[in-house]
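Any read-out appearing in this document is the output of simple, stated calculations on the displayed coordinates, not a laboratory observation. Quantities reported herein were computed from a predicted structural model and do not represent experimental measurements. Please note: Cβ atoms are built from the backbone with ideal geometry, for glycine as well, and neighbour counts cover all protein chains shown.
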Amino acid sequence: MAVEKLSTRHLLGIKDINRNDIELIFETADNFKDVINRPIKKVPSLRDITIANIFFENSTRTKLSFELAEKRLSADVVNFAASSSSVSKGETLIDTVNNILAMKVDMVVMRHPYAGAGQFLSKHIKAQIVNAGDGAHEHPTQALLDAFSIRQKLGDVAGKKVVIVGDILHSRVAISNILCLQKLGAEVMVCGPTTLIPKHIESLGVKVEHNLIKALNWCDVANMLRIQLERQDIKYFPSLREYAMMYGLNKQILDNLDKEIIVMHPGPINRGVEITSDVADSKQSIILEQVENGVAVRMAVLYLLAAQND
Amino acid sequence: MQKRTLLDGQKFQITIKRLCHQLIESHNDFSNTVLIGIQPRGSYFADRVKHELSEVLKKSVIQKGNLDITFFRDDFRRKDGLVSASSNTIDFIIEGKNVILIDDVLWTGRTIRAALDALLAYGRPAKVELLVLIDRRFSRHVPIEPDYIGLQVDTLDSQQVKVSWKETEGEDKVILISESNK
């Protein structure tokens, strides 16, 4: 029986983990995927662990997905949303979390609007931290589940060509995806209007393309990101309609490509902006598989991290 | 390190044949009985039992599945390292069936305790029985005893019993490994 371990105590970003870690997470997630498709979708592994989900930013999918993953591993779960808490009374991050930890919590799943919040916390408190998104920095579990979904659909990630389309500038999903896909040996391209592509992104080793059709003709997989209007302090393009015309994916474009590509979206979808409804609901879209895989991948991450704590 | 052979060659084959005949005695034609091998090594044994049963019964539809107990273990976070999980392949209904759990070596009984838990996630069997090739007796941590036993042996906690199979290791053999005497 092989004995394996993650190389890290926290999951703060894809940057801090290596290819072996990612593969171990995927192999474990395969087993958990089997678990969540059984009549009884629960295993007792984390029955003596308490996990706090601390969300300083809105989230539906990620929070639900983490909570389900925790419950299916039999962990005790406490939820905390910043909007309804003492944070609005002026409490600092460390104080908030230390108070929660004083109630004997073993693991913290945190989303925070500032980049590096997870890193900061991991240096000051004892619990293990899972980053569920920090500002425009990283969203590691999303990248893992995206790569896991590609692996499931295409058999392997290595050697595949993936284009990430849209708001790269404000996207933590883009950064984590680029790092994760590259660690697994895929080629990555980013595509979007000049204003939404960060300067010097080529230094990460990605290709840059401003023409959607060219990008789609190059790729095996297209990951269509959401336009994050809430993060945009100024106007980066004239109008949503114009963005949709230049960078929106519709059935006609998809059908005119000379190969069949896979369409992904991390959600929530702005139907008619990044992709049209007929694409989102088409056979080539694996958006709902991504959501299903999200639970399995998060179970794997929590399980493997919990195994480290002694 | 000392190695002593407990079972091999013709005796190994006879033991398996005997276990299969015992199974047939209480389960007739296996129409309502399924075999479940405990991953990873119990599944090799279960494959062998299935093969032998099919030959004796002249029937090739005996159902056999593999059960992984990794996520049901009671030593998670209590020992170093992590046991990597294997796959579950139970593509039939166990509800109302007689289930024969199969493992190569029974020692503390904790694996079987976990297996009983894991099995219930697939439904409520009518009856569960336990078949093991080697029973390391007098070393149980939980009150679990096998229904069918290939060979009972008395061992020390420091010793190790290893079963190898023709299909995977090239030879059917059971050996007892002891640390050299100090």
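For residue B:79, indicate whether it is basic (Lys, Arg) and without any contact (Cβ under 8 Å) to a residue 12 or more places away in the chain. For residue B:79, the condition - basic (Lys, Arg) and without any contact (Cβ under 8 Å) to a residue 12 or more places away in the chain - is met.
Of all residues in segment A:2-34, those being under 21 Å from residue B:119 (Cα atoms) and either touching a helix residue (DSSP H, G or I) at 6+ places or on another chain (Cβ under 7 Å) or in a loop (DSSP other than H, G, I, E, B) (or both) number 4. Would you confirm, using the coordinates I've provided, whether residue B:53 is more than 14 Å from chain A (Cβ to nearest Cβ), in contact (Cβ under 8 Å) with a residue 24 or more places away in the chain and crowded, with 17+ Cβ neighbours inside 10 Å? Against the criterion (more than 14 Å from chain A (Cβ to nearest Cβ), in contact (Cβ under 8 Å) with a residue 24 or more places away in the chain and crowded, with 17+ Cβ neighbours inside 10 Å), residue B:53 qualifies. It is to be established whether one or more residues within segment B:99-122 are part of a loop (DSSP other than H, G, I, E, B), farther than 21 Å from residue A:44 by Cβ, in contact with an Asp or Glu (Cβ under 8 Å, 6 or more places away or on another chain) and not aromatic (Phe, Trp, Tyr). No, because not a single residue in segment B:99-122 is part of a loop (DSSP other than H, G, I, E, B), farther than 21 Å from residue A:44 by Cβ, in contact with an Asp or Glu (Cβ under 8 Å, 6 or more places away or on another chain) and not aromatic (Phe, Trp, Tyr).
Each row is one residue, and each column tells you yes or no for (1) touching a residue at least 24 places away in the same chain (Cβ under 8 Å); (2) part of a helix (DSSP H, G or I).
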position: A:198; (1), (2): yes, no
position: A:203; (1), (2): no, yes
position: A:208; (1), (2): no, no
position: A:222; (1), (2): yes, no
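Out of B:99, B:174, B:163, B:153, one residue alone is under 18 Å from residue B:15 (Cβ atoms) and within 13 Å of the chain's Cα centre (by Cα). It is B:163. Taken together, the residues in segment A:147-188 that are in a strand (DSSP E or B) and either surrounded by fewer than 20 Cβ atoms within 10 Å (Cβ to Cβ) or in contact (Cβ under 8 Å) with a residue 40 or more places away in the chain (or both) amount to 6. The residues on offer are A:42, A:5, and the sole one that is touching a residue at least 24 places away in the same chain (Cβ under 8 Å), over 30 Å from residue B:164 (Cα atoms) and surrounded by 14 or more Cβ atoms within 10 Å (Cβ to Cβ) is A:42. Look at segment B:106-134: where a residue is within 12 Å of another protein chain (Cβ to nearest Cβ) and a partner is in a strand (DSSP E or B), sitting 6+ places away or on another chain with Cβ atoms under 8 Å, you get B:111/B:38; B:111/B:103; B:118/B:67; B:119/B:36; B:119/B:67; B:119/B:99; B:119/B:101; B:119/B:128.
Screening segment A:45-66 for residues that are assigned to a loop (DSSP other than H, G, I, E, B) and surrounded by 18 or more Cβ atoms within 10 Å (Cβ to Cβ) and picking the one that is farthest from the other protein chains (Cβ to nearest Cβ) gives A:57.
Of all residues in segment A:1-12, which are of a type in the set (A, V, I, L, M, F, W, C), under 14 Å from residue A:304 (Cβ atoms) and away from chain B (no Cβ under 12 Å)? Of everything in segment A:1-12, just one residue is of a type in the set (A, V, I, L, M, F, W, C), under 14 Å from residue A:304 (Cβ atoms) and away from chain B (no Cβ under 12 Å), namely A:11. For segment B:77-99, taking the residues that are more than 8 Å from every other protein chain (Cβ to nearest Cβ) and of a type in the set (A, V, I, L, M), the one that is farthest from residue B:124 (Cα to Cα) is identified as B:90. May I ask you to verify whether residue B:142 is of a type in the set (Val, Ile, Thr), surrounded by 19 or more Cβ atoms within 10 Å (Cβ to Cβ) and either within 17 Å of the chain's Cα centre (by Cα) or within 30 Å of residue B:2 (Cα to Cα) (or both)? Here the answer is no, as residue B:142 does not meet what is asked. Within segment B:82-94, residues that are of a type in the set (Ser, Thr, Tyr) sit with their Cβ atoms under 8 Å from residues that are in a loop (DSSP other than H, G, I, E, B) and surrounded by fewer than 18 Cβ atoms within 10 Å (Cβ to Cβ), at 6+ positions apart or across chains, in these pairs: B:84/A:1; B:84/A:2; B:84/A:4.
For segment A:102-118, a residue qualifies if it is in contact with a strand residue (DSSP E or B) (Cβ under 8 Å, 6 or more places away or on another chain) and assigned to a helix (DSSP H, G or I), and the qualifying residues are A:117, A:118. Could you list, in sequence order, the residues of segment B:145-179 that are of a type in the set (Val, Ile, Thr) and either surrounded by 15 or more Cβ atoms within 10 Å (Cβ to Cβ) or part of a strand (DSSP E or B) (or both)? B:149, B:153, B:155, B:161, B:163, B:174, B:175, B:177, listed by residue number. Looking across segment A:119-146 at every residue that is in a loop (DSSP other than H, G, I, E, B) and either surrounded by 24 or more Cβ atoms within 10 Å (Cβ to Cβ) or not hydrophobic (A, V, I, L, M, F, W, C) (or both), the one that is farthest from the chain's Cα centre (by Cα) is identified as A:126. If only residues of segment A:13-29 that are within 11 Å of chain B (Cβ to nearest Cβ) and surrounded by 18 or more Cβ atoms within 10 Å (Cβ to Cβ) are counted, the one that is nearest to residue B:85 (Cα to Cα) is A:28.
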